[in-house]
Amino acid sequence: MSAFAEFDRERQEIDNLIGLGYTVSGIYEDLDGASVTFIRREPAGGPVELLLLTADARKHVTTLLVGRTRQTAAEIHQ
């Protein structure tokens, strides 16, 4: 599988979970990749863990986190 195809598959998994209402609750990185834990509050569901092997997919997750953090901060200051 090409590097882009692998990244695209991981990105689609991330975006699918976000679309289902999951949010990132934790990230653990090691030499094998990043283990990202997602949780959903409404309706409550168990945590979902996703192993990201590509650097671009890990960047995608952090970009989503930073964007959400900035949006939350902007809402608080309004």
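The values are calculated or read from the model by the stated rules, or taken from the named source; none is laboratory data. No experiment lies behind these values; they were computed from the predicted model shown. Note that we place each Cβ from the backbone using ideal geometry, even for glycine, and neighbour counts take in every protein chain shown. All accessible areas refer to the heavy atoms of the entire protein, side chains included, with ligands and DNA or RNA removed. Shrake-Rupley method; radii C 1.70, N 1.55, O 1.52, S 1.80 Å.
For n ≥ 4 DSSP H runs only, could you compute -39500 (n - 2.57) per run for the chain, divide by its residues and tell me the 222 nm figure to the nearest 500? My calculation for the chain gives -17000 deg cm²/dmol from helical runs alone. Compute the FRET efficiency between A3 and T37 as 1/(1 + (r/R0)^6), taking r as their Cβ-Cβ distance and R0 = 22 Å, and round to the nearest 0.05. After rounding, the FRET efficiency stands at 0.35. Counting only protein heavy atoms and a probe of 1.4 Å, the accessible surface of the range 18-78 is 56% carbon and sulfur.
Whole-Hz Karplus values for the range 22-34 come out as 7, 10, 6, 10, x, 9, 10, 10, 9, 5, 8, x, 10 Hz, taken residue by residue from phi with 6.51 cos²θ - 1.76 cosθ + 1.60 and θ = phi - 60°; glycine and proline positions read x. Here the dipole of the chain is about 320 debye; that uses its Cα centre as origin and unit charges on the Cβ of Lys and Arg (positive) and Asp and Glu (negative).
Going through (1) 35; (2) 64; (3) 60, the figure that equals percent of Cα pairs over 20 Å apart as computed for the structure here is (1). Computed from Cα positions, the angle between helix 55-76 and the longest principal axis of the chain comes to roughly 0 degrees. For trypsin sites (Lys or Arg not before Pro), the sites in the range 1-68 that DSSP calls loop and that have at most 13 other Cβ atoms within 10 Å are R41. Along the axis of the charge dipole computed for the chain (Cβ charges of +1 for Lys and Arg, -1 for Asp and Glu, origin at the Cα centre), the listed residues I76, G33, L17 are led at the positive end by I76.
Rolling a 1.4 angstrom probe over the protein heavy atoms with all chains in place gives the range 10-74 an accessible area of 64 Å² per residue. Using the Cβ-Cβ distance between I76 and Q12 with R0 = 30 Å, the FRET efficiency computed as 1/(1 + (r/R0)^6) comes to roughly 0.45. The relative contact order of the chain, computed from alpha carbon pairs under 8 Å that lie at least 6 residues apart in sequence, is 24 percent.
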